[in-house]
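Step one of this worksheet: look at the structure below.
The values are calculated or read from the model by the stated rules, or taken from the named source; none is laboratory data. Please read these numbers as outputs of a predicted model, since none were measured by experiment. All Cβ positions, glycine included, derive from the backbone under ideal geometry; neighbour counts span all protein chains shown. Quick note on the areas: whole protein, heavy atoms, side chains included, nothing else; ligands and nucleic acids left out. Shrake-Rupley method; radii C 1.70, N 1.55, O 1.52, S 1.80 Å.
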Amino acid sequence: MKLKPYPEYKDSGVLWLGKIPAHWNIMPLKHWVFINQSVLNENTDPDFRFNYIDIGAVSTGKLVSQPRIERFADSPSRARRVIKAGDTLLSTVRTYLKAVYHCKYINKYTVASTGFAVLTPKNNTDPGYVGYVGQSELFINQIVARSIGVAYPAISETELGRCLVWFPTLKEQTQIANFLDWKTTQINKFIRNKQRLIELLKEQKQNIINQAVTRGLDPNVKLKPSGVELIGDIPEHWKTARLFQVSKVVDPHPSHRNPPLCLDGIPFLGVGDLDIDGNVVRAGYSVAEDIFCEQNRRFQIEDGDLAIGRVASVGKIVRLKPIEICLSGRLAVIKPFTVMFSTFLFYSLQVAYITDQILTGTDLTTLGVLGLNKLKRLVLIIPPKYEQKAITDFINTSVEPIDEAITRAEREIELMREYRTRLISDVVTGQVDVRDIEVPEVVEEELFDMEEDPSEVMDDELEAGEEE
């Protein structure tokens, strides 16, 4: 689609905004919408039940987790911002995360954390347009620039109200919102389909690994009982052993206290900061060099070492590289003995019977912790070393084209997300003119599905609670 600029522009008078269409207006946010118009007061009925949207439930343009049902008497003290359909939620803490969500499908009895600002449109404002302005880079950049704090930056309601917004007539706002609904629905559908493809590819890859690691490469191999219920039968010439018998398991911080953090030093990383090949994918905090030296005195990261998540990213397994990093106590380092090929152990720790052992007898939803002793006592299937090598080579060859397809699909998703961000910013800042574009009607069920908005499914439960 070739989008053209407006025929005439004017200087906005704001350096970072530049020119806007000649007929558009500009004003502070507080004069354009209501901010935090309604809150639950302390006299609310203790038995009042509502959908609660916490700060972690919102990403840019969508909900990422279901609102949970809360009873007022038991709810967090921050559960106070009342939301209604048409409002826009905008995170005022950790503003760099760009958590903005237009509540098009929010039903009654929905409350958000005080970590959000609730923007309620006035009579001359289209609700959908407010949501898209909130997602635009120029608006978010204002919020980030006005936020205070380093580790947990936040913006006050007063400063938020001073942020500038730009807008055309109500009719044009509605046209822009409808156009972006249409295009973002198409983009989101593309992304959803690619995500489903990735899930299928990962399932195919996991099946290959499971079969090879638990049965080997000979389809006619004779089996014997492993003696472990969660494992079942194994090839008769294979053995079982516990993790501590085939590797050294190291706790990076045996004191169970993470070291003091700093802004400039040695990277301090957990498994969530690394991809499976040990590449840093997210910059964490840093620690002083003497902390790194202390880690090196106790153990050094070597080729072939693995790391497994013990807190939050429980069970996630990554390869480590001998680079200058300090490791979080949220993981454990696994150093294979000579009886194990590192890559075979890497694949072995990803199979279902290991996950089953981790989950058995552990309430990870509550605790979120894999104890070091339990980790050491995980039971593994151990083929002869020559077979480990053959199995590893087979898996590597088999999954290589699958990994390439996954990488390609992930890149396509990344590019489409970048395009969506750029399109929203260009349209709501008037860089392109969509007034004369005929927008087909977007089926609300389709838009609902594409936004992955789970808020509606909670309404029946709330109604049932009222009847009780």
Review point. Once the other residues with Cβ under 9 Å from the Cβ of Ala307 are scored (Lys, Arg +1; Asp, Glu -1), what is the net sum?
Key: +1
Point to revise | Extreme residue, positive dipole direction of the chain, given options Val64, Thr392, Ser425 (C-beta unit charges) | key: Thr392
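How large is the helix-only mean residue ellipticity at 222 nm for the chain, computed as the sum of -39500 (n - 2.57) over DSSP H runs with n ≥ 4, divided by its residue count, in deg cm²/dmol to the nearest 500? Don't jump to the answer; show the numbers that get you there.
Working: 13 runs with 169 residues, N = 468.
The helix contribution divided over the chain gives -11500 deg cm²/dmol.
Mind checking segment 198-260 for trypsin sites (Lys or Arg not before Pro) that DSSP puts in a loop (not H, G, I, E or B) and that have at most 13 other Cβ atoms within 10 Å? Mind dumping the intermediate values first?
Numbers: sites: Lys202, Lys205, Arg215, Lys222, Lys239, Arg242, Lys248, Arg257; in loops: Lys222, Arg257.
Filter output for segment 198-260: Lys222, Arg257.
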Review point. Going down the list Lys122/Lys183; Lys321/Lys376; Lys30/Lys122; Lys4/Lys104; Lys335/Lys376, which pairs span over 18 Å between their C-alpha atoms?
Key: Lys122/Lys183; Lys321/Lys376; Lys4/Lys104
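With +1 on each Lys and Arg Cβ and -1 on each Asp and Glu Cβ, how big is the dipole of the chain about its Cα centre, in debye rounded to the nearest 20?
Details: 55 positive and 64 negative charges, 296 e Å.
Taking the Cα centre of the chain as origin, the dipole is about 1420 debye.
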Study note, to complete from the structure: Taking Cα atoms, the helix 289-298 axis meets the longest principal axis of the chain at an angle in degrees (rounded to 10) of 30 degrees
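Run the numbers on the chain and let me know its relative contact order in percent, using alpha-carbon pairs under 8 Å that are six or more apart. Intermediate values should be presented prior to the final figure.
On the way: 798 pairs, mean separation 89.4, N = 468.
About 19 percent, as a whole number.
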Check your understanding: If you work out Rg and Dmax of the Cα atoms in Å from the coordinates, which of (i) 28.6, 103; (ii) 21.3, 67; (iii) 26.8, 81 do you get?
Key -> (iii)
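Keeping all protein chains in place, calculate the accessible area per residue for the chain (probe 1.4 angstrom), answer in Å². Before the final figure, lay out the partial values.
On the way: 23750 Å² over 468 residues.
That works out to 51 Å² per residue.
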**Study point:** Highest to lowest packing among 75-85, 53-63, scored as the average C-beta count within 10 Å
**Key:** 53-63, 75-85
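Would you mind telling me the share, in percent, of accessible area of the chain contributed by carbon and sulfur at probe 1.4 angstrom? Don't skip to the end; give the middle numbers.
On the way: 12090 of 23750 Å².
Carbon and sulfur atoms account for 51 percent of the accessible area of the chain.
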